[in-house]
1. Quick one: would you say residue 181 is more than 10 Å from the ligand (Cβ to nearest atom) and at pLDDT 95 or above?
2. Of the conditions (1) in contact with a helix residue (DSSP H, G or I) (Cβ under 6 Å, 6 or more places away or on another chain); (2) outside any strand (DSSP E or B); (3) more than 12 Å from the ligand (Cβ to nearest atom); (4) more than 18 Å from residue 220 (Cβ to Cβ), residue 89 fails just one. Which one is it?
3. Checking residue 155 against (1) charged (D, E, K, R); (2) in contact (Cβ under 8 Å) with a residue 40 or more places away in the chain; (3) more than 9 Å from the ligand (Cβ to nearest atom), which single condition isn't satisfied?
4. Which of the residues that make up the range 160-176 are within 23 Å of the chain's Cα centre (by Cα) and near the ligand (Cβ under 9 Å from one of its atoms)?
5. Would you say residue 261 is surrounded by 14 or more Cβ atoms within 10 Å (Cβ to Cβ), farther than 24 Å from residue 11 by Cβ and without any contact (Cβ under 8 Å) to a residue 12 or more places away in the chain?
Amino acid sequence: MPIRMLNGGQIDALLPMSECIDVMAEAMIALSDGRAQLPLRTILRLPKNRGAFGAMPAQLDQPDAFGLKAISVYPGNEGSRWDSHQGVVLLFEPEHGTLAAIMDASRITAIRTAAMSGLATRLLAREDAGDLAILGSGVQARSHLDAMRSVRSIRRVRVWSRTPSSLEAFVVASRAAGVDVEAMESAQAAVAGADIICTVTGSKNPVLQGEWIASGAHINAVGASLPETRELDSAAVKHARLIVDRRESALAEAGDFLIPLSEGVIGDDHILGEIGDVAAGKLTGRRAAEEITLFKSLGLAIQDVAAAHWVHRKAAEQGVGQVVDLGGTRHAS
Ligand code: NDP
């Protein structure tokens, strides 16, 4: 049973952002058409408040693939040598049900999550949106900078982060990569007048307030993924056209939606639909230049499986990765 093992560097090379955005579009359209299966993710909250462990299985008809992401989320790893999201994506070959690949989940997660925001921005932001604000400066901040530059002509980037040394490191790394980024002293200063706002923090409480958001802005809300946590205050959600990655997940997991709902600030009907519906042309995203659009991202296993399938196909074609044999194939005696 040969299994291809792919590390983070190999995944980076095989999954450029622009390709991943198109892969995500296909996967989300498949979800919106009912051509995918995925239960809500199973999350174990680990003792001693260390973090969480998630199991995320999914199956897609097109591409024909199924698999599982097993990932630990340790927010305390921020700023250390350990990623806050670590694990593997297991990709199976559907013909015989054989395990085909094992991949680093950190890089798949970093790229596919930003690619989802890239897709949402491509579909929902104004065509002329070029002033970008990023709140947060970790792994997702870096991949979101890449994603936003893939879908819009970005002319200005402002970043705010809670810890000055993290902010400084982000600015230095971005400039070294050829992107000029302005470090801002507050989230409010970062988002003032911005056309696109990405919230990519581990915060449990709002870092973005509705009164700061300019008309016509598009927001990608990526960080909070539990019913009791959120990055946006209720006003920010109330005044926006809200599109989610998946309705069932938002109803179960998105504090950004559930908290204003529980306060009576918004109603059940505030979720207009899923991004796959917008991608498929079944739902209108932005209707006017002055509207505020909001994409709430929770992250779905089909995104991991679709990205892994893409990476695996290219890796096999190019002979990239280490092939190991675990045995286990039945042989005629
Ligand atoms: P990192 O650990 O790399 O970075 C975390 C960032 O969050 C840092 O910039 C940190 O800022 C900031 N932060 C942490 N706590 C706070 C706080 N209380 N207030 C303000 N800022 C805070 O994580 P990632 O970049 O990988 O992930 C960012 C978020 O996105 C996480 O919440 C993660 O769970 C979520 N995520 C969502 C996915 C999705 O599909 N929707 C997928 C993957 C991740 P500083 O260093 O300045 O303190």
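1. yes
2. (2)
3. (2)
4. Of everything in the range 160-176, those that are within 23 Å of the chain's Cα centre (by Cα) and near the ligand (Cβ under 9 Å from one of its atoms) turn out to be 160, 161, 162, 163, 166, 167, 169, 170.
5. Judged against the criteria, residue 261 is a match.
Each row is one residue, and each column tells you yes or no for (1) of a type in the set (A, V, I, L, M); (2) assigned by TED's automatic domain parsing to the domain that holds residue 224; (3) in contact (Cβ under 8 Å) with a residue 24 or more places away in the chain; (4) within 16 Å of the ligand (Cβ to nearest atom).
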residue: 59; (1), (2), (3), (4): no, no, yes, no
residue: 69; (1), (2), (3), (4): no, no, yes, yes
residue: 76; (1), (2), (3), (4): no, no, yes, yes
residue: 83; (1), (2), (3), (4): no, no, yes, yes
residue: 99; (1), (2), (3), (4): yes, no, yes, no
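Per-residue answers, yes or no, for (1) of a type in the set (Phe, Trp, Tyr); (2) surrounded by fewer than 24 Cβ atoms within 10 Å (Cβ to Cβ); (3) more than 29 Å from residue 288 (Cβ to Cβ); (4) away from the ligand (no atom under 15 Å from the Cβ):
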{"position": "131", "(1), (2), (3), (4)": "no, yes, no, yes"}
{"position": "142", "(1), (2), (3), (4)": "no, yes, yes, no"}
{"position": "149", "(1), (2), (3), (4)": "no, yes, no, yes"}
{"position": "196", "(1), (2), (3), (4)": "no, no, no, yes"}
{"position": "204", "(1), (2), (3), (4)": "no, yes, yes, no"}
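The values are calculated or read from the model by the stated rules, or taken from the named source; none is laboratory data. Source: prediction; values computed, not measured. No Cβ is skipped: glycine too gets one built from the backbone with ideal geometry, and neighbour counts run over all protein chains shown.
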